[in-house]
1. Looking for whichever is closer than 24 Å to LEU150 by Cβ and among the polar types (S, T, N, Q) here; the options are THR345, THR364, THR379. Which one fits?
2. Determine if the range 36-56 includes at least one residue that is touching a residue at least 40 places away in the same chain (Cβ under 8 Å) and of a type in the set (Phe, Trp, Tyr).
3. I need the full set of residues from the range 117-141 which are out of contact with any helix residue (DSSP H, G or I) (no Cβ under 9 Å at 6 or more places or on another chain) and either touching a residue at least 60 places away in the same chain (Cβ under 8 Å) or closer than 22 Å to VAL57 by Cβ (or both), in order please.
4. In the range 97-113, how many are assigned to a loop (DSSP other than H, G, I, E, B) and buried (at least 17 other Cβ atoms within 10 Å of the Cβ)?
5. Where in the range 1-93 are there helices (runs of 4 or more DSSP H), lying fully within it, with 1 or more residues that are of a type in the set (Gly, Ala, Ser)?
6. Condition check: touching a residue at least 60 places away in the same chain (Cβ under 8 Å), open to solvent by 10 Å² or more (accessible area, probe 1.4 Å), outside any helix (DSSP H, G or I) and out of contact with any Cys (no Cβ under 6 Å at 6 or more places or on another chain). Does ALA239 satisfy that?
7. Output the number of residues of the range 144-160 satisfying the condition of being surrounded by 20 or more Cβ atoms within 10 Å (Cβ to Cβ) and either at pLDDT below 95 or out of contact with any strand residue (DSSP E or B) (no Cβ under 7 Å at 6 or more places or on another chain) (or both).
8. Can you name the number of the only condition in (1) of a type in the set (Gly, Ala, Ser); (2) surrounded by fewer than 22 Cβ atoms within 10 Å (Cβ to Cβ); (3) within 15 Å of MET260 (Cα to Cα) that GLY199 fails?
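The values are calculated or read from the model by the stated rules, or taken from the named source; none is laboratory data. Since this is a predicted model, take the numbers as computed values, not measurements. Cβ atoms come from the backbone with ideal geometry, glycine included; neighbour counts cover every protein chain shown. We work out accessible area using only protein heavy atoms, side chains counted, and drop any ligands, DNA or RNA first. Shrake-Rupley method; radii C 1.70, N 1.55, O 1.52, S 1.80 Å.
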Amino acid sequence: MASAREEDDVRNFHRQAKGKIGMSLMFPIETREDLAKTYTPGVAIPARDIAADPEKVWKLTGRRNRVAVVSDGSAVLGLGNVGPLAALPVMEGKAALFKQCADIDAFPIVLSTQDVDAIVATVKAIAPSFGGINLEDIAAPRCFEVEERLKRELDIPVFHDDQHGTAIVVLAGLLNALKVARRSTSRSDVPHIRIVMSGAGAAGTAIARILLSQGFTNILIVDRNGIISRKRADLNSEAKMFLAAATNPGSIEGGLQEAMEGSDVFIGVSAPNLVTKDMVRSMAKDPIIFALANPDPEILPTDAKDAGAFIVASGRSDFPNQVNNLLAFPGVFRGALDAGAREITEKMKLAAALALAACVLEPTVEKILPDPLEKEVATKIAEAVRKAAE
């Protein structure tokens, strides 16, 4: 937890920054000739060109470099359903990182509705201004339907970062962690790696999907009611029914404690303090812990290490191995925009994950991922995503 002084420092930073982002001109408007080109009468020329051929919007406007960062405020960080106004500083921060890391002009859009139809209609209505849509901090299961509908109905990339950005970074980190732990990641060997996941919401579902796509099938996913399995009669969402069918091949029952016994990897995207030292001790030799609940993880990295964890990652910047979506989303969107992609495909996400893992040439126990502020990361991911798109 932050101290009172640290909290005051953050408040003062936001007060002085007045929003963290702003708008700047691509060129100065200093003469009447500049004015005539920028606005009337000159601006009628590109307007007519686009009216005759809508595809020219990509070359005659800034649409190709603009992303909308959209939230309904229903799942903001670890704060929960705090609403659109409280979501605004988070969306502004996301927009600032788009610009800093990938030179993308991103605009925070917070919505005063949490109705799926209204969210979809609103985003569709503003989409002509943007080259991509980044959905952010929208609670499950609503986020699944919102994203799927927008992907079907729009011809620009739609990407729910809480799902796919997290999944990309987790896969990259896990591949490097398994390398350090001397566990094979070949297609024939990964089914034997037992992974326990706590949390079956947006991030958990996306992580499970990308792991499954890489052959990790021995996965146990635990929600509030225990291990998800085909035997559960209380699975009331399409996402959880998919997880029940695709994971837990042995139909193991019980809770988190039972799931953890003998497992190789724990991935937490759930809630603080769910994992005990005894649970870590019950895992296989040299276990890997990704405790990613924010701001307080399922188990503190120091406690996990004390209990025998070999590699520990968290969402925190004050410990090694920070799993941060900043490692993924700027490069993913930069690559998609540069390619003129109409969607972000599974192939593009996998390319991003592999490129991110490769950014660490020699992974170690305390460095399975690059630092989130390493500038070349977004460039390398963008290039991989662009190639996958093309």
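1. Working: THR364 fails: closer than 24 Å to LEU150 by Cβ; THR379 fails: closer than 24 Å to LEU150 by Cβ.
That would be THR345, the only listed residue that is closer than 24 Å to LEU150 by Cβ and among the polar types (S, T, N, Q).
2. No, every residue in the range 36-56 fails to be touching a residue at least 40 places away in the same chain (Cβ under 8 Å) and of a type in the set (Phe, Trp, Tyr).
3. Within the range 117-141, ALA121, THR122, ALA125, ILE126 qualify.
4. 2
5. In the range 1-93, 4-17, 32-38, 44-52 are the helices (runs of 4 or more DSSP H) which contain 1 or more residues that are of a type in the set (Gly, Ala, Ser).
6. no
7. Going through the range 144-160 one residue at a time, the tally reaches 1.
8. (2)
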